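Here the structure comes first, spelled out in structure tokens, and everything after it is commentary.
Where a number appears in this text, it was derived from the coordinates with a stated rule and is not lab data. All figures in this text were calculated on a predicted structure; none of them were measured in a lab. Here the Cβ positions follow ideal geometry from the backbone for every residue, glycine too, while neighbour counts run over all protein chains shown.
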Amino acid sequence: MAEQERSYLLQLNKLNKSFRGLKAVRDYDLTLRPGELLGIIGPNGAGKTTLFNLLTGLVKPSAGHVYFQGVDITSYPPERRARLGIARTFQKLRLFKSLSALENVKVALQTSQQIHWWEVVLTLPHFTASEHRLVERGRELLALLDLDSARHARAESLSFSQQRRLEVACALALSPRLLLLDEPAGGMNPGETEALMQLILTLHRQFDLAIMLIEHNMQVIMGICPRVQVLNYGQIIAEGEPAAIQRDPKVIEAYLGQGQLIDDA
């Protein structure tokens, strides 16, 4: 791979995915540098979540390639991609609802833990020290997400906004270089949405974290994303700065209907 291409964190080349003849993603190309913040919008069925599933290995592409840090990971399974530094959240929350907030984060942290079963059974010092580090790191992540005071509460007892933040904490537990957020503002009120926007910016700056954000809430996308991409029927129909995207005729027609501007929504 050329030296310029190696400078990209993520590179997608002619990515395609079909489901029984229906093309969900078509000839999708992307280059993303370390620390970039990219917003992705589009109508329902535009292929946005399918794109995230392709990036995380939950589905395999019909054609095309995925490169991460210069390595072709197209054939890598989800767990290997996670270990490389790709983490995500989902539209529908995926938490262990009967476990506490801290236990949920500890489960995510344990994916990188090197502990043998006999060390657990015998409660050997190495396991005890490792468990202590897990708790400390888990509390650090929960504090960052303003959840430390709720660390012993079962996930199902948390408010919807808290559960959303807990899912982000679990994603951060994987120490990602690329964080994929799939409609994190869904179901939030205006105050919670504003707090989420500030949280995403904080994570982006504090961790120098590349973030790809799918969101229907235009306030979020246009408010924090320097670069916005628009999908329709699995294809990129526009890409650029928010101000240009808001007034692109193809975007207006595809996303909101003829004659409306995104910033009127």
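Listed values, structure above:
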read-out	value
The chain: relative contact order in percent, alpha carbon pairs under 8 Å with at least 6 residues between	25 percent
Two-site FRET efficiency, Lys14 against His216, from Cβ-Cβ distance with R₀ of 35 Å, rounded to 0.05	0.85
Dipole magnitude of the chain about its Cα centre (Cβ charges: Lys, Arg +1; Asp, Glu -1), debye to nearest 20	760 debye
Unsatisfied cross-links (Cα-Cα over 27 Å) in the set Lys14/Lys250; Lys60/Lys250; Lys23/Lys106	Lys60/Lys250; Lys23/Lys106
Lys/Arg +1, Asp/Glu -1 at C-beta; the chain dipole; positive extreme among Pro184, Ser18, Leu30	Ser18
Full-stretch length increase - His65, Arg133 - with 0.36 nm per residue and alpha-carbon distance subtracted	20.7 nm
Under-5 Å amide H pairs with Leu9, H placed in peptide plane, nonlocal only	Leu32, Arg33
Burial ranking of peptide ranges 139-145, 224-230 (average Cβ count within 10 Å, highest at the top)	224-230, 139-145
Convex hull volume per residue in cubic angstrom - Cα atoms of the chain	146 Å³
Sequence-separation-based contact order of the stretch 142-265, relative, with Cα cut under 8 Å and 6+ spacing, percent	16 percent
Separation of the Glu140 and Arg83 label points, Cα + 7 Å toward Cβ, nm	2.2 nm
Alpha-carbon centroid distance for the pair the stretch 15-87 / the stretch 139-187, whole angstrom	23 Å
The chain: angle of helix 160-172 to the longest principal axis, Cα-based, in degrees nearest 10	80 degrees
